[in-house]
Amino acid sequence: MTAFNDESGSGDALRRALGVNRRRFLSTCTAVAAGAVAAPVLGAAPALAQDRGRGHDHDHGHGRGHVLVPPGKRGIILYTVRDATARDPLASDLPSGFREVFKQLARHGYRQVEFAGYNQHANAPGGASLESVAGAKLLRSWLDDYGLRAQGNHGFIPSSWPLTSADVDTFKKHLEIANILGMDHMGTGGDPTGSSYPADWDVAADKWNALGRIARREGIKLYTHNHDSAYGFLLDGGPLDAQGRPTRSSGIRKLEYFLKVTDPKLVWLEMDIFWAHVAQYKFHTYTAHDGSTREKVFDPAGLVARHNKRYPLFHAKDGVVSTTNGMGYDMVPFGTGVIDYTTFFSRVGERNYHNPMVEDDNSPSATDPAQSLREAKISYDNLAALRSKRH
């Protein structure tokens, strides 16, 4: 088994990255040494992540420590319940539109929401689009009514670079909406670029620094959200392809590079913890400049811990093991999967700084219209139950 490339330089780092306890880690190493595991170590990681200790007990001791996610930091991105905000209130008795969905989420216990745009069903109070100053004021009144706080939006990021005046005006309108809603942060659901080449990430960094400067003048922190590919490896050396582009890697991950070339006072990140674990599963070896294959296991919590203030928001999305979809995991409601959130939140710390937003892309159902809000309650309960482990 090749050495784990981590600052600690020890097997403990690999064990932490894979989220397994010491006994299981040692047994896994024994199995690998004996040739019992044919797949790469990380390929087996989701299957090894069963011993979780999620902390579903409440404040009754049971050997558990402090609450990992304080009540005021428990949030949800509205994409998870997009079918409910889009539901026709004239055709259903279920919560529909922003106002009724806010009311239901507050009943569940949530105190924060992250928007995924400002559209709802046309028959809901306020009409189809609330993407305006007037719409934002209406949304803010409902948030206040139900004790909720807006803490971000996956919204408009200009496609132009250099920025056109029209894009700047639209971007500023969204910053104004964010301020009316009371957000500290505004962002996007996409990666800064889909490229694997440093030159393109340099361009993306220039653009995001410029946008971050505009946002900072309005008192907003601008953030980008990751999918798995953004934690893949840069191609930054070795032989060139026919287009003159590098074909091999130094082992630097794309978003790690982005962290280095963006201004920490202007650009922040929202880690989608599910997709970061997919990246851990998928991108654990790279071809070095000399042509050798090297192993480097991604440690999502370790990256956050090294750049803690750069990650004010998380998507708290869970998964169960999948051996068929190429990602290592299938999405499930928070707390019903195998991703070790107890260890993750314990390691990153700063519990009064981070804002975890529950997300499940698959919660809306074509056959069960109540499913997404029901699963939102399940996810809230599991998020609220997380406790640190006492030793």
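The values are calculated or read from the model by the stated rules, or taken from the named source; none is laboratory data. Here the structure is a predicted model, which means the values were calculated and not measured. When we count neighbours, we look across all protein chains shown, and the Cβ atoms used for this are built from the backbone with ideal geometry, even at glycine. These accessible areas exclude ligands, DNA and RNA; they are computed on the full protein's heavy atoms, side chains included. Shrake-Rupley method; radii C 1.70, N 1.55, O 1.52, S 1.80 Å.
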Practice item. Please list the non-local residues whose amide H lies under 5 Å from the amide H of S132, H modeled 1.01 Å from N, same-chain partners needing a gap of 5 or more. Key: none
Review point. When Lys and Arg each count +1 and Asp and Glu each count -1, what net charge do the other residues less than 10 Å away from P95, Cβ to Cβ, add up to?
Key: +2
Exercise for review: Just list whichever of K254/K317; K309/K389; K103/K137 have alpha carbons separated by over 19 Å in the model shown.
Suggested key: K254/K317; K309/K389
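Kirkwood hydrodynamic radius (Cα pairs, Å) of the range 114-264? Spell out each step's value before the answer.
On the way: mean 1/r = 0.0585 Å⁻¹.
It works out to 17.1 Å.
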**Study point:** the range 153-204, accessible area per residue, ligands and nucleic acids excluded (1.4 Å, Å²)
**Key:** 40
Point to revise | Per residue accessible area of the range 264-371, 1.4 Å probe, in Å² | key: 33
**Study point:** Nonlocal amide H pairs with G65, under 5 Å, H built at 1.01 Å
**Key:** S388, K389, R390
Practice item. Could you compute the FRET efficiency for S160 and T323, with r as their C-beta to C-beta distance and R0 at 51 Å, rounded to 0.05? Key: 0.75
Point to revise | Rough spin-label spacing in nm, given labels placed 7 Å along Cα→Cβ, for V261 and V133 | key: 3.8
Review point. In the neighborhood of R216, defined by Cβ-to-Cβ distances under 11 Å, what is the net charge if each Lys or Arg adds +1 and each Asp or Glu adds -1?
Key: +2
**Study point:** Overall dimensions of the range 74-139 by Cα: Rg and Dmax, Å
**Key:** 11.1, 31
Practice item. Please work out the C-alpha center-to-center distance from the range 256-289 to the range 329-368 and express it in whole Å. Key: 18
Practice item. Starting from the amide H of T224, placed 1.01 Å from N in the peptide plane, find each other amide H under 5 Å away whose residue is 5 or more places distant or on another chain. Key: W268, L269, E270
**Study point:** Karplus-derived HN-Hα couplings along the range 163-172 (A = 6.51, B = -1.76, C = 1.60, θ = phi - 60°), whole Hz, x at Gly and Pro
**Key:** 5, 7, 5, 5, 5, 4, 4, 5, 4, 5
Check your understanding: Roughly to the nearest percent, how much of the accessible area of the range 60-219 is carbon and sulfur, given a 1.4 Å probe?
Key -> 48
**Study point:** Sulfur and carbon atoms: percent of accessible area, the range 269-353 [1.4 Å]
**Key:** 48
**Study point:** List Y223, Y353, Y79, ordered by accessible area with a 1.4 Å probe, largest first
**Key:** Y79, Y353, Y223
